[in-house]
1. Can you list the strands (runs of 3 or more DSSP E) lying wholly within segment 34-112 that have 3 or more residues being at pLDDT 85 or above and open to solvent by less than 70 Å² (accessible area, probe 1.4 Å)?
2. For segment 89-116, which positions are polar (S, T, N, Q), over 14 Å from residue 61 (Cα atoms) and more than 21 Å from the chain's Cα centre (by Cα)?
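The values are calculated or read from the model by the stated rules, or taken from the named source; none is laboratory data. These numbers were taken from a predicted model, which means no experiment stands behind them. Note: areas computed on protein heavy atoms with side chains; ligands, DNA, RNA excluded. Shrake-Rupley method; radii C 1.70, N 1.55, O 1.52, S 1.80 Å.
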Amino acid sequence: ESSMYRLDLPDELKQRRLHNNFHVSVLRPHEESDDILFPNRSQPEPYDFGAPPEAEEFVLSIENHKWMKGAVLFEVHWALGDITWEKYNTVNQLKALDEYYTLQGVSKWQELPKTR
């Protein structure tokens, strides 16, 4: 019996050259959310790998920023648990950025502190 499984991935993932072999230790059966134990629990929509990654409906929050070579990068927390650093032009239209500005006490990216 093999401890490796090959998954049939959607074309969008195949085009991104995502590895499709997984060890049995990292695979788990899908369990739907139990509405009795967790009433009204909202589930994030599955990520559409064909959609642009800056689609706001998948952004939970912006939690931090850092300056690199005169440009600012933002720490983006995504609905499915990923955390990435994104350039300003990727997040500039997001409500999450406005909320981050409010928390930082600024109104534009140029006012963000350069030391964190």
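1. Strands (runs of 3 or more DSSP E) meeting the threshold: 59-68, 71-78.
2. Hits for segment 89-116 are 107, 110, 115.
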